[in-house]
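Asks: Structure below; questions to follow.
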Amino acid sequence: MPLLFSYGTLQHAAVQISTFGRLLQGQPDELIGFEQSMLKIEDPEFVATSGKTHHAIVKFNGQLDSRVSGMVFEVSDKELASADDYEPAGYKRISTTLASGRLAWVYADARFA
């Protein structure tokens, strides 16, 4: 099963229930070589649902001392497709190696991915 790393809203129980239909079991992990910032969300429907105009986003900077903490979840291919549908414009799913050595998908800044 694929692994999905979340540093933001996909860690929230309500988002997991609405996106995957279940609560995910995860373990703490870190992205190496990424930095976190905020992205202004332009989709009014997404903003209305989330209640926020800005959401966390990561971009690769290649610096080994840059780390972003989060959770890694095991998901099915169908759940991964649901996560693709959930993420608004500006995010792109990329594959990366986590601090644990596991290969996982993460949603990063599409402008730098």
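Asks: In region 92-101, is there at least one residue being touching a strand residue (DSSP E or B) at 6+ places or on another chain (Cβ under 8 Å) and over 13 Å from LEU3 (Cα atoms)?
Replies: Checked against the condition, which is being touching a strand residue (DSSP E or B) at 6+ places or on another chain (Cβ under 8 Å) and over 13 Å from LEU3 (Cα atoms), region 92-101 yields at least one hit.
Asks: Could you list all residues from region 43-102 that are open to solvent by less than 50 Å² (accessible area, probe 1.4 Å), at negative phi and assigned to a loop (DSSP other than H, G, I, E, B)?
Replies: ASN61, SER66, VAL75, SER76, GLU87, PRO88, ALA99
Asks: Tell me the residue from PHE46, PHE73, PHE60 that is among the aromatic types (Phe, Trp, Tyr) and out of contact with any Gly (no Cβ under 7 Å at 6 or more places or on another chain), please. Talk me through it step by step, then tell me what you get.
Replies: Details: PHE73 fails: out of contact with any Gly (no Cβ under 7 Å at 6 or more places or on another chain); PHE60 fails: out of contact with any Gly (no Cβ under 7 Å at 6 or more places or on another chain).
Just a single option satisfies the conditions, and that option is PHE46.
Asks: Here is a check on your reading of the model: is THR9 buried (at least 16 other Cβ atoms within 10 Å of the Cβ), out of contact with any Ser or Thr (no Cβ under 6 Å at 6 or more places or on another chain) and of a type in the set (S, T, N, Q)? If you could, list the steps in order and put the result at the bottom.
Replies: Numbers: buried (at least 16 other Cβ atoms within 10 Å of the Cβ): yes; out of contact with any Ser or Thr (no Cβ under 6 Å at 6 or more places or on another chain): yes; of a type in the set (S, T, N, Q): yes.
So THR9 fits the description; yes.
Asks: Additional query: Looking at region 67-77, can you tell me whether even one residue there is out of contact with any strand residue (DSSP E or B) (no Cβ under 6 Å at 6 or more places or on another chain) and farther than 23 Å from GLY21 by Cβ?
Replies: Taking every residue of region 67-77 in turn, none turns out to be out of contact with any strand residue (DSSP E or B) (no Cβ under 6 Å at 6 or more places or on another chain) and farther than 23 Å from GLY21 by Cβ.
Asks: Mind listing just one residue for me: the one in region 103-113 that is part of a loop (DSSP other than H, G, I, E, B) and not aliphatic (A, V, I, L, M) and, of those, least open to solvent (accessible area, probe 1.4 Å)? Outline the logic, then answer.
Replies: The initial filter retains those residues of region 103-113 that are part of a loop (DSSP other than H, G, I, E, B), namely 110-113.
Keeping just the survivors that are not aliphatic (A, V, I, L, M) gives 111-112.
Numbers: ARG111: 170, PHE112: 113 Å².
Here the residue is PHE112.
Asks: So, of the residues in region 12-32 that are assigned to a loop (DSSP other than H, G, I, E, B) and open to solvent by less than 80 Å² (accessible area, probe 1.4 Å), which turns out to be nearest to VAL75 (Cα to Cα)? It would help to see each step written out before you state the result.
Replies: Here is the first cut: in region 12-32, the ones assigned to a loop (DSSP other than H, G, I, E, B) are 12, 21-25.
Now restrict to residues that are open to solvent by less than 80 Å² (accessible area, probe 1.4 Å): 21, 24.
Working: GLY21: 12, LEU24: 8 Å.
Checked region 12-32; the qualifying residue nearest to VAL75 (Cα to Cα) is LEU24.
The values are calculated or read from the model by the stated rules, or taken from the named source; none is laboratory data. None of the values given here were measured: they were computed from a predicted structure. No Cβ is skipped: glycine too gets one built from the backbone with ideal geometry, and neighbour counts run over all protein chains shown. All accessible areas refer to the heavy atoms of the entire protein, side chains included, with ligands and DNA or RNA removed. Shrake-Rupley method; radii C 1.70, N 1.55, O 1.52, S 1.80 Å.
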